[in-house]
Structure formats: structure tokens, C-alpha cells
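Visitor: Below is one structure. I have some questions about it.
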Ligand code: SF4
């Protein structure tokens, strides 16, 4: 189909409200119909098989969306499979022990998400009769559920025309509609356009297609327009004007080194992270710097020269922290600082730890036994 779009009302001599929307109102419905059909026809033959796409169970959709909030899909796949195998229903999650939930979340990072899911399960069991609400406003009241997640659950689980606009889908809309920035009027118009498109087809299918396009074709810095079903009518592709912020700005990655202490005396000192910390309730190796940091030279510890432990990098959002392990020997008089306790080596695998810390502890356990004396 070749669709001839008329210019926006703010670009004609006919007057009218300047909305910034690139199509005249009478063309929007037709355009939305074309947009929806192009994407849904393209999606099925090309899509990747991701486990959360095989279900419309609102609980499973919600789990996947919360896992995907700050973690890339390729990492989430295995965590999602294990989670829904162990906690297949909201009720099973509600009954589970929090430490077991955190164990299943270990390595996924941003542990508050796991805790929020547990609180959400309690709220839904107590206040919603055990059923995840099929109302976007009620969904937004649940712990850990924001505008995007609520809309995604409405579209993917309940097949309702709620526009779920994350960074990927926003980028597609900006480019397709030729919006130079996501200012308030243009964001509202783009949301309106997507809502219209969702009303033309299955909202679930169109949302899945947009997610797939954003992850595999309309990439931030190198859009693959030749493979895109929208290319013919896409304002950015037609005009070759990819002037959005994502093309221009490379997000700087912040790298830093952080010394972590393995204080040994036949067992190992670990810090129990408080509930409001980034690692709520997990066990950590003490750091040299920071609020709870220790200065090993000033507290009577002796550096062990035989340590051959390798640094481990810990990635989160645009930060990379390289943990540099140091083994220090404590004498019999040494008292662990506040918040820290001795833990026996045989207990290590049972304790919840961020994956980078666990990796260092496992290195320690695998070295010569004389290091551990
Ligand atoms: S044609 Fe290119 S810029 Fe436009 S939506 Fe497709 S991939 Fe993105």
C-alpha cells in the first residue's frame, strides 16, 4: 500500500491548533490501520521464540515484564523459566519464603524487584481475590508496577488497547512519525496514534511486534531499515533524518575499581546488607571505601601475600565496577565491625550473595587450603 499523507495542520495555511502531529486527522485512522497491519503481518514469520510470549497468564506476563525492567532479554530467559517452574502461580509465590525468592533471583540484580513481587502477591491475594486486576489504574496501584508495566500487562495478558511505550517503542514512534523530540504534545499525539493502531488489530500481537522490532530492527544507533516493514512510510527512513538523541549520544560507561576484603580466620567475615540497600538482605564482602568501608591497615589485619584471586567485574546499567579481592588474616582478638559476622566456609553456598561477590568467594574456596587457615 502506498499511503499519501497530508501535512500537519500546523504546517498548512488552513489554521487550526498546532499539535506537531505529522498527519491530518482524517489520515490518522488509515495510517494507524496500515501501521498495525504491516507490523502484525511481519511479526509471526520472523519472531524469536521467547518463553513469556507463549502465555497470556497475567501473573507470568507480569513476572517477565518486571524481570525485563532492568535486564536484557537474553539474560532473563533462563531466570524466567526457572521462576515460573518453581512459582507457577501467584499463590505459590505468596506462600514462598522470601529467602527462596531471592535465591531464584540471585544474579539478576536489582533485588528490590523480587521483594516487590512478593509484596504484590500478598496485596493481590488479600485485596483482589487472588486475581491480577484487568484494569490499568488498579494495576498501577500494585507494588513495583509503573505506567509501562501496567500497560504491557493489559495489552499482552488481556489483549486490551493500552499503549505500552518503553524506550524501544518510543524510538520507533519518534522515527516513524518524524517527531524530533518527545515533548509533551508530540508524546501525547504518538500515544494517541499507537492507541488508534492498537484498536485496529489484536493489541497483544501489535505490542509483541513492536517489542520485536525495537529489539531486532529499529536499533538505537544502527536501524536496519531495509528489513523493516514500516520503511516505506517511515518519516526518518524516507528523509534519512535520524536526528533523535539516541543516534547522537553514546551513553558514557562509568568504570571504577573497588577493593573488597576477604577477612579470614578459618571462616570469613561478611556484611549483611540492610533491607533498604541496593542488595537488600544479601551477604556481601566488605568494601574498603564507602559508608561501611574498612581500612584493613588500621584494624589490625595482616595482608596475605599468597592470595591469587582474580578481579571480577560487576555490571549495572551504565556502570562497571571491577571488584579487586584482597585476602587479609585476622588474629584471635579481632572483632567483626558492626553489621558484619563470621560465616563458616561450609555455609557459603547457602548464603544469598550478588553473583560478583559469590564468584570471588568461590575463588577463595578453590585456592590452596593454607590460604584458609
Ligand atoms: S524504517 Fe528504519 S527508522 Fe523507521 S521504524 Fe523501521 S527501522 Fe526504524
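The values are calculated or read from the model by the stated rules, or taken from the named source; none is laboratory data. Keep in mind the model is a prediction, meaning the values are calculated, not measured. We place every Cβ from the backbone using ideal geometry, glycine too, and count neighbours over all the protein chains shown.
Visitor: On the given criteria, is residue 246 at pLDDT below 95 and either in contact with a strand residue (DSSP E or B) (Cβ under 7 Å, 6 or more places away or on another chain) or within 28 Å of residue 153 (Cα to Cα) (or both)?
Guide: It is true that residue 246 is at pLDDT below 95 and either in contact with a strand residue (DSSP E or B) (Cβ under 7 Å, 6 or more places away or on another chain) or within 28 Å of residue 153 (Cα to Cα) (or both).
Visitor: Assess whether residue 209 counts as being within 17 Å of residue 45 (Cα to Cα), within 26 Å of the chain's Cα centre (by Cα) and surrounded by 14 or more Cβ atoms within 10 Å (Cβ to Cβ).
Guide: Against the criterion (within 17 Å of residue 45 (Cα to Cα), within 26 Å of the chain's Cα centre (by Cα) and surrounded by 14 or more Cβ atoms within 10 Å (Cβ to Cβ)), residue 209 qualifies.
Visitor: Within segment 117-230, which helices (runs of 4 or more DSSP H) (wholly inside it) include 1 or more residues that are more than 14 Å from the ligand (Cβ to nearest atom)?
Guide: Result: 136-140, 147-158, 184-198, 203-216.
Visitor: Here's another thing I want to ask about it. For residue 113, indicate whether it is touching a helix residue (DSSP H, G or I) at 6+ places or on another chain (Cβ under 7 Å) and closer than 20 Å to residue 97 by Cα.
Guide: yes
Visitor: Related question: Can you tell me which condition residue 158 does not meet? The list is (1) surrounded by fewer than 21 Cβ atoms within 10 Å (Cβ to Cβ); (2) under 22 Å from residue 80 (Cα atoms); (3) within 21 Å of the chain's Cα centre (by Cα), and all the others hold.
Guide: Condition (3) is where residue 158 drops out.
Visitor: Between a residue in segment 199-226 that is over 16 Å from residue 48 (Cα atoms) and any residue that is within 12 Å of the ligand (Cβ to nearest atom), which pairs come within a Cβ distance under 6 Å, given they are 6 or more apart or on different chains?
Guide: Sorted first by the residue in segment 199-226, then by its partner, the pairs are 220/246; 224/217; 225/231; 225/237.
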